[in-house]
1. By the gyration tensor of its Cα atoms, with a ≥ b ≥ c the square roots of the eigenvalues, what is the shape of the stretch 136-185: rounded for a/c under 1.5, prolate for a/b over b/c, or oblate?
2. Would you mind ranking 233, 215 so that the residue whose beta carbon has the fewest other beta carbons within 10 Å leads the list?
3. Once the Cα gyration tensor of the stretch 171-280 is found, what semi-axes does its equivalent ellipsoid get, as square roots of 5 times the eigenvalues, in whole Å, sorted largest first?
4. Based only on other Cβ atoms within 10 Å, what is the fewest-to-most ordering of 97, 231?
5. Sequence gap at least 6, Cα distance under 8 Å: using those rules, report the relative contact order of the stretch 3-277 to the nearest whole percent.
6. Expressed as an acute angle from 0 to 90° and rounded to the nearest 10, what is the orientation of the C-alpha long axis of helix 51-61 relative to the principal long axis of the chain?
7. When the chain is treated as a GNM, springs tying every alpha-carbon pair under 10 Å, which of 28, 244, 52 comes out with the largest mean-square fluctuation?
8. Tell me the angle of helix 112-124 to the major Cα principal axis of the chain, expressed in degrees between 0 and 90 and rounded to the nearest ten.
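Every number here is computed from the coordinates shown, using simple stated rules; none is lab data. Just so we're clear, the structure is a prediction, and the values are computed from it rather than from any experiment. Neighbour counts run over all protein chains shown; Cβ positions are idealised from the backbone, glycine included.
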Ligand SMILES: NC(=O)c1ccc[n+]([C@@H]2O[C@H](COP(=O)([O-])OP(=O)(O)OC[C@H]3O[C@@H](n4cnc5c(N)ncnc54)[C@H](OP(=O)(O)O)[C@@H]3O)[C@@H](O)[C@H]2O)c1
């Protein structure tokens, strides 16, 4: 596995297996299967409602804890100093572990300043090896950086061929915050897997379009969390270390960039309303 070195010298695997929207009844098998296929990192969250099942899979796999990279995310309704401490403890209990490799603030809503204070403390005492945020645009990110001692190790943001995030990437690099991609396939929206530009590149390297998308992220130095519950796709999605895109391919993929998310608009007042109303 290839790793990205974080600003605290910890190493984030380039590939994480995401468990968003995996049914609670399927999660244990999906995670066990992913671990068998060579995934070494699991990207979960409190609001995915399946942390217990992830924990059961890890235990059943009998893989030593230190060989698995575990990420979770603190949800908006658990924001604030006290609630974050409590919620992180519940996550640790559900995952059957006494530390996390990476804990992120899931959304830039609620009392995330209180949450970040809690994460800093939990990191100092060794419960969280790395800490960070998710879905923070450059304005929120710089504000956080200016008001705390610890620069977040990671900012996990939607990054896909439709929403390539070049400007945000440059800003994160400048701050020393590692850019991690979520949802690299945009859940296959608008026939992404059949896109002619991606198909042409895929054919050239004898890969499929999903592999081209994931390799495109690696070649931009962006680790990612991706998901498939299908064994063959799981295997293909991790079989991306024997080829490399060239500058021309990367330029061509730029043509797909719409400059905005097909899912969330962080300038729309409905977005914080929706996220704040999900109480867990
Ligand atoms: N921080 C955040 O706010 C945030 C938000 C969203 C997601 N995430 C993280 O990012 C992870 C990935 O995002 P995501 O789960 O939304 O979606 P995604 O990985 O972009 O796409 C998943 C979809 O693509 C399909 N797929 C996967 N590999 C494929 C292949 N090789 N060929 C064809 N179809 C394929 C899957 O179907 P099958 O399962 O049927 O193969 C599934 O429907 C999440 O699981 C989560 O860990 C974080």
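1. Prolate is the answer for the stretch 136-185, as a/c is 1.5 or above and a/b outweighs b/c.
2. Going from least to most buried by this count: 233, 215.
3. 27, 17, 15
4. Taking fewest neighbouring Cβ atoms as first place, the list is 231, 97.
5. Reported relative contact order: 18 percent.
6. In the chain, helix 51-61 runs at an angle near 70 degrees to the longest axis.
7. 244
8. Approximately 90 degrees, to the nearest 10.
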